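The values are calculated or read from the model by the stated rules, or taken from the named source; none is laboratory data. This structure is a prediction, so every number in the text was calculated from the model and none was measured. Virtual Cβ from ideal backbone geometry, glycine too; neighbours counted across all protein chains shown. Each accessible area value is taken on the protein alone, full model and side chains, heavy atoms only, with ligands, DNA and RNA left out. Shrake-Rupley method; radii C 1.70, N 1.55, O 1.52, S 1.80 Å.
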Amino acid sequence: MQTIPLSGRGDFSEWRDAARALAAAGISPRMVDWRIRGLGDELFAADALPDLPKPDESAPPLTVPPAFLSLAEAVVCHTEPGRFHLLYRLLWRLQSDRHLLELDSDPDVAWARLLAKNVKRDGHKMTAFVRFKEIAGQMNGRRRFFAWFEPSHFVVARTAPFFRGRFADMDWIIATPNGTASWDGERLNFDARPGENPGHGDPTDDLWRTYYASIFNPARLKLKAMQAEMPKKYWRNLPEADLIPGMIANAEANVRAMAEQAAKDPPLFHYRLQETAQAMPRIEPLGAGTIEALREEARGCTRCPLHCMATQTVFGEGPQSAPLMMVGEQPGDQEDLAGRPFVGPTGKVFDAALKEAGLARDAVYLTNAVKHFKYEPRGKRRIHEKPNKGEIDHCRWWLAKEVDLIKPRLVVSLGATALYALSGERKPLDQMRGKTLTMQGNIVLYPTIHPSYLLRVPDGAERRYQQARFVEDIRHVRQLVERLEAL
Amino acid sequence: MKKSLQQRLAILSDAAKYDASCASSGTVKRDSARTGGLGSTEGAGICHAYAPDGRCISLLKILLTNFCIFDCAYCINRSSSNVERARFTPEEVVWLTLEFYRRNYIEGLFLSSGIIRSPDHTMGEMVRVARDLRTVHGFRGYIHLKSIPDAAPELIEEAGLYADRLSLNIELPTDAGLGRFAPEKRPEGIRRAMGELRRKIEAADDPTLQTKRRKRFVPGGQSTQMIVGADGADDATILKTSARLYSGYGLKRVYYSAFSPIPDASRALPLIKPPLVREHRLYQADWLYRFYGFGVEEITGATGGMLDLDMDPKLAWALANRQDFPVDVNRAERERLLRVPGLGTKTVTSILSSRRFRRLRLEDLARLGVSLRKVRAFIEAEGWVPLRLADRADLKALFAPKPEQLSLL
């Protein structure tokens, strides 16, 4: 039996050196008695680390997965007396079972994880519940602060770097029964001896207590939830904690008082505000019969329920005198956010095709058959959904007004929805593509596909063919417009 | 007589307590070790205190002012309310934030405001606070600004450079509800602002051509809040609205705030204790949508639009879909394990990792921290097969809570 006395204040390297030597010498966990040495206690001074056994040269080298190191570093900081033994057993078992740590259901692994979790939680609570008190007077132009904290485990040294990263421009000391950490702007120091609590106060505590008492809503008492996260053992050093009993006791009465307090007449400035709002000059209506006025009107469209789902009305854009109007189906995700037609992925394909066919986008009036985006939310994305007949019929009102105002010579319908909206035709697009129709007012209607179709064709020869065919359609449209304008 | 700082702090934090969010999570990790300023963020938030209402206090959550030109019925700060009014100067907010932060009371600032003079004026003041904290005082802690709905895009853009998170409250789940209770707010304006913010966040996230570094712009994303129980909207409507907000604007969080009685309440509103359980169920359902692959219809479909208050929505779903159980923990794929009541995302990951090496028994699950009482009826494990669920008429009763006496208020 080998007795190993360790200092037991969360020092990982001490355990690691001993464990490494023991394991290399092939000493099984059953043969090691891990003891905790009293800190600075003369009685156990003789318990210095004994001579460790010589390593067994023929044994394979000691290896552990990286996950073990971070686990052991945390477990060592626990106050559980059996922790050194547990870690050595894990180290021993890891030599024959490399995947041991992945087995969360193994009793040793589960226990170690639990201890590590306690330590992490304790460290986290330290980052939360340390309260600095200012010490009067500056040192080298730096403000000085002091905190007293009582952690459950040996977490001070572990957690100190957090405070350095956060409170870099001030000097601070955190004293605990398990050691003291301090920062002076250059060095982070740790002293393992128990610290002392001089019982400082801080005038800002009163402001903090005011805040704490005011941010609480008495109508929603949830005491269990509070104590689960802020256990009573921490209350002693929290300046706000002695308010809690009173806040709880008065909560019910406060809610009742609220309920009984009948609504009073509004204050005078409320009436003044209302009057000012009434007296605001009405915005001059835009010239009636212009596309701008129509766009403005469409902004508030509530003809169908789609407006509650979409971000905004995506109205048409382009010159009011455009001889060519192109009508798509409905805005997509990007169009809905930007408030402009054909700006998303489909818009890019469309723009490229226009360019190749030699047609300038800003010479065309571009719009959609339906002005609001219809979709189905799925996780983090919105999946485009086809507008139904009712929605198209409602929105046709706007489309008809746009056609009336623009008076184009030629209208191109992109896709089946647009074709239906403009002509009432519900035949398959294959049959209609490229066959011109005549709309009311002697306007020529030219049906083709919607450019989003090109995105759905798999990459390769078929897509290239379809793209070329679409460009060909646009080229044809361009010639058609030129011919119609020449008439 | 002018009120003291302490009196105004009491008024302006009291006015802010109806905002559910106090989160300081989701932003980038940074500290002041090298810059020498003050403050750091951890990625995960730190709650520095808890109030007896069970809510954490992570940020200094205050209003710049509780004067407001709007008259939203559900709001304590509406212009027709007789609540005591006060205002801070931007300098005072900066001072409070820094001094509170130095004493480790808080993780940072959550600044909101009533609207005074104009949306642009109010937003401008809030941006000034954030800018001063960052540029004058080298503050690297968390900043959350509540944007003002109709503020100019340049102001929102500037706010995004300094703030970790921006939020814009949708307030009520339907446009009709908002029209009734908040006549000055325009729902399409709120949606447009959220959409605009999503576009800006995405644009900043695209790596530039010169460097791989991304621009720092609202790294904690945007969030919103919805009031539950003030209007008549059911849970299905509320959850559908959240789904739209998550998918449409990439929100990090939707907060549900059970409508709470306010002093001097508008006559238009019910004076009731907030439906806290309902709020809790909504959060659970929200989680199921975001992390467990449930659709909104699946969660609310079986219960006629309202979530069951007596049991969590996953259990309710499982009881309504008994044909899908039991699930074999040693064989079922991740998606199916996630649907077992009592198994969370972390446990499922542990199960998947452990079962590569060993077949799992009930005791193994217990060691993973699973409540056997909850899951045993829904799973099969090595050496364990539950009685056929469909045969048990009393299954629901096994999970039902104890009867409780009704309270008066």
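Summary of values
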read-out	value
Average projected area [Cα convex hull, the stretch A:229-315], square nanometres	13.7 nm²
Kirkwood hydrodynamic radius (C-alpha pairs) into Stokes-Einstein, the stretch A:77-227, 4 °C and 1.567 mPa s, D in µm²/s	71 µm²/s
Tilt relative to chain B, helix B:153-162 - C-alpha long axis, 0 to 90 degrees, to 10	70 degrees
Helical contribution to [θ] at 222 nm, DSSP H n ≥ 4, -39,500 (n - 2.57), averaged over chain B, rounded to 500	-10500 deg cm²/dmol
Other-chain or far-sequence residues with amide H under 5 Å of residue B:110's (modelled H)	B:60, B:61, B:62, B:144
Interface area, B with A, accessible, probe 1.4 Å, both sides summed, Å² nearest 100	7800 Å²
Spatially proximal lysines relative to residue A:435 (Cα-Cα < 19 Å; intrachain offsets below 8 disregarded)	A:427
3J(HN,Hα) from dihedral phi, the stretch A:366-375, Karplus parametrisation 6.51/-1.76/1.60, rounded to Hz, x for glycine, proline	10, 8, 10, 5, 10, 8, 10, 6, 10, 7
Trypsin sites (Lys or Arg not before Pro) restricted to DSSP loop in the stretch A:347-410 with at most 15 other C-beta within 10 Å	A:380
Calculated Rg and Dmax of the stretch A:87-174 using C-alpha coordinates, Å	19.0, 60
Acute angle (nearest 10 degrees) that the helix A:461-486 long axis makes with the longest principal axis of chain A, alpha-carbon atoms	40 degrees
Descending semi-axes in whole angstrom, ellipsoid equivalent of the stretch B:179-266, from the Cα gyration tensor	33, 13, 12
Over the stretch B:190-348: Rg over Rh, Cα atoms, Kirkwood Rh	1.06
Nearest 10 degrees, 0 to 90: helix A:12-24 Cα axis against chain A principal axis	80 degrees
Orphan Cys of the protein assembly as shown, criterion: no other Cys C-beta under 4.7 Å	A:77, A:301, A:304, A:308, A:395, B:22, B:68
Accessible surface, the protein assembly as shown, averaged per residue in Å² (probe 1.4 Å)	46 Å²
J(HN,Hα) series, the stretch B:60-75, from Karplus relation 6.51 cos²θ - 1.76 cosθ + 1.60, nearest Hz, glycine and proline x	6, 9, 9, 9, 5, 8, 10, 5, 8, 8, 8, 10, 7, 3, 7, 9
Principal axes of the stretch B:268-369: Cα extent on each, largest first, Å	62, 26, 21
Aspartates and glutamates whose Cα lies under 18 Å from that of residue A:374, excluding same-chain neighbours fewer than 8 positions away	A:329, A:333, A:335, A:336, A:385, A:391, A:393, B:175, B:188, B:297
Using θ = phi - 60° and Karplus 6.51 cos²θ - 1.76 cosθ + 1.60, couplings along the stretch B:331-348 (whole Hz; Gly, Pro as x)	10, 5, 7, 3, 4, 6, 4, 5, 8, 7, x, x, 9, x, 4, 5, 4, 4
Accessible area of residue B:53 in the full protein assembly, 1.4 Å probe (Å², nearest 10)	0 Å²
Sparse-neighbour loop sites [trypsin sites (Lys or Arg not before Pro); the stretch A:187-262; at most 14 other C-beta within 10 Å; DSSP]	A:187
5 angstrom amide H check on residue A:35, placed H, neighbours 5+ away	A:4, A:6
Rounded to 5, percent antiparallel among DSSP beta bridges of chain A	45 percent
Qualifying trypsin sites (Lys or Arg not before Pro) for the stretch B:297-362 [loop in DSSP, other Cβ within 10 Å: at most 16]	B:331, B:356, B:358, B:359
Distance violations [Cα-Cα > 29 Å] among B:61/B:185; B:61/B:374; B:29/B:314; A:232/B:314	B:61/B:374; B:29/B:314; A:232/B:314
Accessible surface of the stretch A:268-332, 1.4 Å probe, proportion on carbon and sulfur as whole %	59 percent
Cα-Cα pairs of the stretch A:4-152 separated by more than 29 Å (percent)	31 percent
Evaluated over the stretch B:115-265, the Cα radius of gyration and Dmax, each in Å	16.6, 57
Nearby aspartates and glutamates by direct alpha-carbon distance to residue A:264 (threshold 17 angstrom, same-chain neighbours under 8 apart not counted)	B:71, B:84, B:264
Cα Rg, Dmax, the protein assembly as shown, angstrom units	32.8, 114
Estimated D of chain B in µm² per second, where Rh is the Kirkwood radius over Cα pairs and Stokes-Einstein applies at 4 °C, 1.567 mPa s	55 µm²/s
Pairwise centroid distance, computed over Cα atoms, of the stretch A:317-342 with the stretch A:171-246, Å	59 Å
Accessible surface of the stretch A:141-255, 1.4 Å probe, proportion on carbon and sulfur as whole %	49 percent
